[in-house]
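Data block below; observations after.
The values are calculated or read from the model by the stated rules, or taken from the named source; none is laboratory data. Just so we're clear, the structure is a prediction, and the values are computed from it rather than from any experiment. With ideal geometry, Cβ positions are generated from the backbone for all residues, glycine too; neighbour counts draw on all protein chains shown. The protein model used for the area step is the full one, side chains on, heavy atoms only, and it has no ligands, DNA or RNA in it. Shrake-Rupley method; radii C 1.70, N 1.55, O 1.52, S 1.80 Å.
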Amino acid sequence: MTVESQGTAGAERRAQLLRGSLDLCVLAALEQQPGHAYELAARLAEAGLGEVSYGSVYPLITRLRRAGLLAEQKQPSPLGPARTVFSLTDAGRAALGEWLTQWQRSTAEVEAVLRATGAWSGAWPGARTGAQTGEPR
């Protein structure tokens, strides 16, 4: 059974994984270029996260701003009210560096376990055909 065929269970698993990494992705995207929440959701999706809702991004931005990791500035909008544009503070840049190091260490540890168990290489009995490439399933 594939993750896609698991329906709600697969979607929930993806949501759990995303919750654990979305703050890192938001800081990285804002380090690259400041932006407003709606634009940021679109940029994250375009960068490879798939559909990321504004409803997920905005509360996270609010939490990061309250923690002192983001600054906000109002900028005029050609349509409607001024937009709030977010950028990293010095504390946000420091957090990005720390969180990136933690992410790299954590993903390396998980990959090590998956390789040691044969799941990464496709050596386990339920592996899909063609998994011998060494790529994760």
_Evaluation of Ala37 against (1) open to solvent by less than 10 Å² (accessible area, probe 1.4 Å); (2) at pLDDT 95 or above (one fails), failing number_ = (2)
*Would you check if there is a residue in region 53-65 being open to solvent by less than 10 Å² (accessible area, probe 1.4 Å) and over 14 Å from Gly92 (Cβ atoms)?*
yes
*Could you tell me whether any residue of region 2-19 is hydroxyl-bearing (Ser, Thr, Tyr) and either in contact with a strand residue (DSSP E or B) (Cβ under 9 Å, 6 or more places away or on another chain) or surrounded by 12 or more Cβ atoms within 10 Å (Cβ to Cβ) (or both)?*
no
*Breaking point among (1) in a helix (DSSP H, G or I); (2) closer than 24 Å to Gln104 by Cα; (3) without any contact (Cβ under 8 Å) to a residue 60 or more places away in the chain; (4) open to solvent by 80 Å² or more (accessible area, probe 1.4 Å), for Glu31*: (3)
*Could you count how many residues in region 37-85 are of a type in the set (Gly, Ala, Ser) and in a strand (DSSP E or B)?*
1
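Within region 75-102, which residues are exposed (fewer than 13 other Cβ atoms within 10 Å of the Cβ) and at pLDDT 95 or above?
Step one: of region 75-102, the residues exposed (fewer than 13 other Cβ atoms within 10 Å of the Cβ) are 75-82, 90, 94, 97-98, 101-102.
Within region 75-102, Asp90, Ala94, Gly97, Glu98, Thr101, Gln102 meet the criteria.
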